[in-house]
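One structure is given below, encoded as structure tokens.
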Amino acid sequence: MYSFQNIVNQLGTFVAAFKLNFMLAFLLVAALWVIQIINAATDYQLNRLGIYPRHLLGLRGIVFSPFLHGNFNHLFLNSIPLLILIDFLLVTGTKNFIQVSLMIIVLSGFVVWLFGRKALHIGASGLIMGYMGYFLTNVYWHPSVFGFILALVCCYYFGSILLNLFHTGKNISWEGHVFGFLAGVAAAYLV
């Protein structure tokens, strides 16, 4: 049983770790902006590195697609949730961050390549959905006050992101969202 003081101490530890890791999370998101500037300057030629389902060249998109975006608005909409969720995951440890991120990127990307509709699939949305799936499932597999707080904050601030699990438009990779979320669920179970 957790005492009130124990919960306050865990929350204090979380806030300290969040602040400590914020610069790394910021730099990772800033790198996406640098890539976007280069992509825009080359008339979005880098987007050719996205996932093309069931095409051999589309396999490279499994690795590259989370780092590419269709325009600055697309990246802007992904930046804030990505910044916060990366920082949340970094609080659990750098090794865990790397393992979970790689598992979400590779697993969701491969499944999009296998089952996605014939279109270019790019963007960090699948990774964001994967992080959401990870945090929400992790609270079930590894219950703790810390995990519950993370899941609660995710739901409160980013709960509307879960609506992206449904088909919302022809130019949106809802497959990436769904398979990203499921990859996050798998990561919570496997990591």
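Can you give the percent of C-alpha pairs in the stretch 79-191 whose distance is more than 20 Å?
Tail of the P(r) past 20 Å holds 34 percent of the pairs.
Take every Cα pair under 8 Å in the stretch 12-190 that's 6+ residues apart, average their separations, divide by the length, and report that relative contact order as a whole percent.
Relative CO of the stretch 12-190 lands at 26 percent.
List, in order, the whole-Hz ³J(HN,Hα) value for each residue of the stretch 53-61 obtained from phi through the Karplus relation with A = 6.51, B = -1.76, C = 1.60 and θ = phi - 60°; use x for Gly and Pro.
With coefficients 6.51, -1.76 and 1.60, one gets x, 6, 10, 4, 5, x, 5, 5, x Hz.
Taking a ≥ b ≥ c as the square roots of the Cα gyration tensor eigenvalues, with a/c under 1.5 meaning rounded and otherwise prolate when a/b beats b/c, else oblate, which class fits the stretch 35-141?
In terms of gyration-tensor shape, oblate.
Tell me whether the stretch 55-113 comes out rounded, prolate or oblate; compute the Cα gyration tensor, take square roots of the eigenvalues as a ≥ b ≥ c, and use a/c under 1.5 as the rounded threshold.
Here the stretch 55-113 falls in the oblate category.
Counting each DSSP H run of 4 or more residues in the chain as -39500 (n - 2.57), what helix-only mean residue ellipticity at 222 nm follows after dividing by all residues, to the nearest 500 deg cm²/dmol?
My calculation for the chain gives -23500 deg cm²/dmol from helical runs alone.
What lysines does Lys170 reach when the alpha-carbon gap must be under 18 Å and sequence neighbours fewer than 8 apart in one chain are set aside?
By straight Cα distance, Lys170 reaches Lys118.
Among all the aspartates and glutamates, which ones have a C-alpha under 16 Å from Lys95's C-alpha, if same-chain residues fewer than 8 places away are not counted?
Asp87
Throughout, read-outs are computed from the coordinates displayed, never taken from laboratory work. These numbers were taken from a predicted model, which means no experiment stands behind them.
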